[in-house]
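Just so you know, all these numbers are worked out from the coordinates, no wet-lab data involved. Not measured: the values here are computed from a predicted model. Every residue, glycine as well, gets a Cβ built from its backbone with ideal geometry; the counts of neighbours run over all protein chains shown.
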Amino acid sequence: MTAADTNTVDPAEVAKFEAMAAEWWDPNGKFRPLHLMNPCRLDYITRQIAAEFGRDLTAQAPFAGLRLLDIGCGGGLLAEPMARLGATVVGADAAPRNIPVARLHAEQSGLQIDYRHTTAEALAAAGEQFDVVLNMEVVEHVANPLDYLTACRMLLKPGGLMVCSTLNRNARSFMMAIVGAEWVMRWLPKGTHDWAKFITPDELYGLLRQAGLDPVDRMGMVFNPLGWSWSLSPGDLAVNYVTASVKRG
């Protein structure tokens with residue numbers, strides 16, 4: 001729907017969201033860290049989906065026929081690439097102001113993405129089902145990780161795949177994610193992360209199993225301050241890491 005289709009749209013409010021959308025998608029703006037991390041995240045996500053569902057990433061629209069949920073979608077930095085790869089994408093976020101921003105950018109990009117202001121629990125209660133759930137940098141922010149992951153498992157079809165990333169809990173992660181990212185570099189507002197809620201890889205594997213999922217892979221995501229780039233590392237899960245788990249049918 002555009003402003004021409006209704007008399008309820010305030011052009012000034014649309015302009016505000018347009019400015020916010022531009023900030024979300026500005027690779028040199030305040031979301032620069034996510035833009036830098038995104039190729040690394042997408043590399044892992046696409047390879048895991050392709051392996052689980054037997055898809056050829058060199059094909060056109062390799063994820064066609066797959067229904068995918070991006071929980072905690074923000075401005076759509078992951079949802080949009082998934083839609084371009086052919087998936088039917090639902091983007092959900094508990095922060096209401098993120099949704100109009102994401103919708104606006106998707107519309108400007110010519111993409112059909114179903115963005116909703118909702119939660120994993122609400123979607124599960126409604127009986128929604130997905131082939132893939134992307135659960136990226138969310139679990140360390142929730143009040144009850146086990147209940148949250150259980151809701152995510154309920155959202156998966158039998159044989160479905162969840163990709164979940166978070167932050168390890170140790171001295172190095174405190175220095176990198178709290179002191180470095182929030183206090184020194186000021187990439188994030190102070191207090192964005194609570195180090196006590198960070199989750200070790202073994203703890204996350206345990207929570208995933210308790211939630212009824214079968215963890216099948218985990219990988220570190222390592223930042224190189226010299227090259228200002230991220231890469232995947234099977235041996236370095238000290239700070240950021242990502243996991244894949246499946247719902248056995």
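Take the Cβ-Cβ distance between residue 28 and residue 143 as r, set R0 to 41 Å, and report the resulting FRET efficiency rounded to the nearest 0.05. Before the final figure, lay out each step's value.
Numbers: r = 34 Å, r/R0 = 0.84.
With a Förster radius of 41 Å, E is 0.75.
Summing Lys, Arg as +1 and Asp, Glu as -1, what charge do residues with Cβ under 10 Å from the Cβ of residue 109 carry, residue 109 excluded? If you can, show how the numbers build up before the last one.
Working: positive: 84; negative: 80, 107.
Taking every other residue near residue 109 into account, the sum is -1.
Non-local amide H neighbours of residue 91 (under 5 Å, H modeled in plane, Pro and chain starts lacking H): which ones?
70, 114, 115, 116
What nm value, rounded to one decimal, do you get for the distance between residue 194 and residue 59 when each label is placed 7 Å out toward the C-beta?
Between residue 194 and residue 59, the label points sit 4.4 nm apart.
List the residues, sorted by chain then number, that are 5 or more residues from residue 85 or on another chain and whose placed amide H is less than 5 Å from its amide H.
Result for residue 85 returns nothing.
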